[in-house]
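Data block below; observations after.
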Amino acid sequence: MHYLVIGGAGYIGSHMVKLLIGEGHGVTIVDDLSSGHADALLGGELIVHDFSDRAFLDRLFSSVKFDGVFHFASQILVGESVTNPAKYYRANTFATLTLLEAMRDHKIDYFVFSSTAAVYGEPEYTPIDENHRKVPVNPYGASKYMVEMMLADFHRAHGLKYVALRYFNAAGADPQSRLGERHEPETHLIPLALKAVLGKKPPLKLFGRDYDTPDGTCIRDYIHVDDLSSAHLLAMQYLYAGGESTAFNLGNGAGYSVQQVIDVVGKVTGRPVPVEYAPRREGDPARLVADASKAKKVLGWQPVLTGLETIVQHAWNWEAASQ
Ligand code: UFG
């Protein structure tokens, strides 16, 4: 197969490219490198371009017949999406509409989309299954949910075959430390805790210790980036096998509190994490845990790098190696 990976030079996309190459597929990557890194690609052909340029897509789709598209490129900062919503609706929603129109016109029918647990908004219950009410509470979640709605409509109108994958907390790194998380700015808990340990960043600010959870800190479901990638390939294969277009949650189904993560980082690195207590960060739900049984049952997905220690160990190996 020859796949197009949009945003393939980013954190999750680069792990996906690694998997596809390892499985012997042809891979073309389109990434404008606004947040991705060319040296994160372990193979494939990189085209540095804005994927929302319709004339560019027409040229690309006329020259290569892709068997399917994986779409990872997006803006991901929840807080920024509140202060600058237009950036999110343009980059995540409008740009994806342009892509879908080009795919429709060039008869590329297979699509796997990176969605998010943020489509659910404030959870009414946990673990969250796919039928949970979708009421995003920030433009980031809304911008992704709008794409999911467009996908359902393109499916009905034009026969697009799609899977939307709703990630919980992507974490970890390539077990061989060739790839890892490199966001600028970095806002995610595990890399910030590791950087604090290494003195590359100031002490970690722990946002809120007064949540309604056993230790008062927020609970999240951390899923290894390689396990996320394997779900994408299974999703594409599922569509090729005639599977129904739909959405799946991707998480381990196990919740860890921020304090537990800090403790595991301390254990794995052998050094205490410098921590400063800070007030709650706006928009953080107390508890976000996935019910991912649908992906396991329907896709046959089986996450293998499930322990928080393994996830943190891989992230640490990468972080320490990239000093
Ligand atoms: N946290 C801190 N200090 C930090 C960073 C994070 O205490 O410096 C806490 C947060 O308050 C939260 C937990 O660590 O309780 C995890 O925070 P992350 O920023 O690592 O991840 P989020 O759960 O906020 O975000 C993830 C995805 C988003 C997605 C969201 C769904 O990264 O893309 O889940 O709501 F939108």
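The values are calculated or read from the model by the stated rules, or taken from the named source; none is laboratory data. Small disclaimer: the values here were computed from a predicted structure and weren't measured. Cβ coordinates were reconstructed from backbone atoms using ideal geometry, including for glycine residues, and neighbour counts include every protein chain displayed. For accessibility, only protein heavy atoms count, side chains too; no ligands or nucleic acids. Shrake-Rupley method; radii C 1.70, N 1.55, O 1.52, S 1.80 Å.
Taking Phe61, is it open to solvent by less than 10 Å² (accessible area, probe 1.4 Å) and either closer than 24 Å to Tyr222 by Cβ or modelled with pLDDT of 95 or more (or both)? Answer is no for this residue. Across the stretch 9-31, the number of residues qualifying as without any contact (Cβ under 8 Å) to a residue 40 or more places away in the chain and surrounded by fewer than 24 Cβ atoms within 10 Å (Cβ to Cβ) comes to 6.
Taking each residue of the stretch 201-224 that is within 23 Å of Arg271 (Cα to Cα) and looking for partners that are within 9 Å of the ligand (Cβ to nearest atom) and assigned to a loop (DSSP other than H, G, I, E, B) with beta-carbon atoms closer than 6 Å, six or more apart or interchain, yields Phe207/Arg280; Phe207/Arg281; Gly208/Arg280; Arg209/Thr217; Cys218/Tyr211; Cys218/Asp284; Cys218/Ala286. Tell me which residues, restricted to the stretch 92-133, are in a helix (DSSP H, G or I) and polar (S, T, N, Q). Listed by number, the residues that qualify are Asn92, Thr93, Thr96, Thr98. Is one or more of the residues making up the stretch 266-277 within 12 Å of the ligand (Cβ to nearest atom), among the charged types (D, E, K, R), assigned by TED's automatic domain parsing to the domain that holds Leu194 and open to solvent by less than 50 Å² (accessible area, probe 1.4 Å)? The answer is no, given that none of the residues of the stretch 266-277 is within 12 Å of the ligand (Cβ to nearest atom), among the charged types (D, E, K, R), assigned by TED's automatic domain parsing to the domain that holds Leu194 and open to solvent by less than 50 Å² (accessible area, probe 1.4 Å). Specify the residue that is surrounded by the most Cβ atoms within 10 Å (Cβ to Cβ); the eligible residues are those in the stretch 134-144 that are under 18 Å from Gly251 (Cα atoms) and touching a Gly at 6+ places or on another chain (Cβ under 9 Å). Checking each candidate, the answer is Gly141. The selection criterion, being among the polar types (S, T, N, Q) and in contact with a Leu (Cβ under 9 Å, 6 or more places away or on another chain), holds for Ser52. Exactly one residue out of Arg281, Arg220, Arg287 is closer than 21 Å to Leu305 by Cα and basic (Lys, Arg): that is Arg220. Of the residues making up the stretch 152-168, those that are of a type outside the set (D, E, K, R) and open to solvent by 40 Å² or more (accessible area, probe 1.4 Å) are His155, Ala157, His158. Close contacts from the stretch 309-323, counting a first residue that is of a type in the set (D, E, K, R) and a second that is at pLDDT 95 or above and part of a helix (DSSP H, G or I), with Cβ to Cβ under 7 Å and a gap of 6+ residues or different chains, come to Glu309/Val264; Glu309/Val268; Glu319/Pro191; Glu319/Leu194; Glu319/Lys195; Glu319/Leu198.
With respect to the conditions (1) open to solvent by 10 Å² or more (accessible area, probe 1.4 Å); (2) touching a residue at least 40 places away in the same chain (Cβ under 8 Å); (3) not assigned by TED's automatic domain parsing to the domain that holds His314, Ala235 lacks only one, and its number is (1). Could you please let me know if Asn131 is surrounded by 18 or more Cβ atoms within 10 Å (Cβ to Cβ) and either touching a Lys or Arg at 6+ places or on another chain (Cβ under 7 Å) or at pLDDT 95 or above (or both)? No: the conditions fail for Asn131. Scanning the stretch 238-265 for residues that are more than 11 Å from the ligand (Cβ to nearest atom), closer than 24 Å to Glu23 by Cβ and crowded, with 16+ Cβ neighbours inside 10 Å gives Tyr238, Leu239, Gly243, Ser245, Thr246, Ala247, Phe248, Asn249, Leu250, Asn252. Restricting attention to the stretch 176-224, and to residues there that are closer than 30 Å to Gly43 by Cα and open to solvent by 60 Å² or more (accessible area, probe 1.4 Å), which single residue is nearest to the ligand (Cβ to nearest atom)? Here the residue is His188. Taken together, the residues in the stretch 100-110 that are out of contact with any helix residue (DSSP H, G or I) (no Cβ under 7 Å at 6 or more places or on another chain) and buried (at least 21 other Cβ atoms within 10 Å of the Cβ) amount to 1. When Glu276, Glu319, Glu244, Glu282 are checked against the criterion of being at pLDDT below 95 and among the charged types (D, E, K, R), a single residue qualifies: Glu282.
A count restricted to the stretch 278-292 and to residues that are more than 10 Å from the ligand (Cβ to nearest atom) and either at positive phi or under 20 Å from the mean Cα position of the chain (by Cα) (or both) stands at 4. Residue pairs whose Cβ atoms lie under 8 Å apart, separated by 6 or more positions or on different chains, with the first residue in the stretch 41-56 and in contact (Cβ under 8 Å) with a residue 24 or more places away in the chain and the second open to solvent by less than 50 Å² (accessible area, probe 1.4 Å) and of a type in the set (Lys, Arg), are Leu42/Lys18; Gly43/Lys18.
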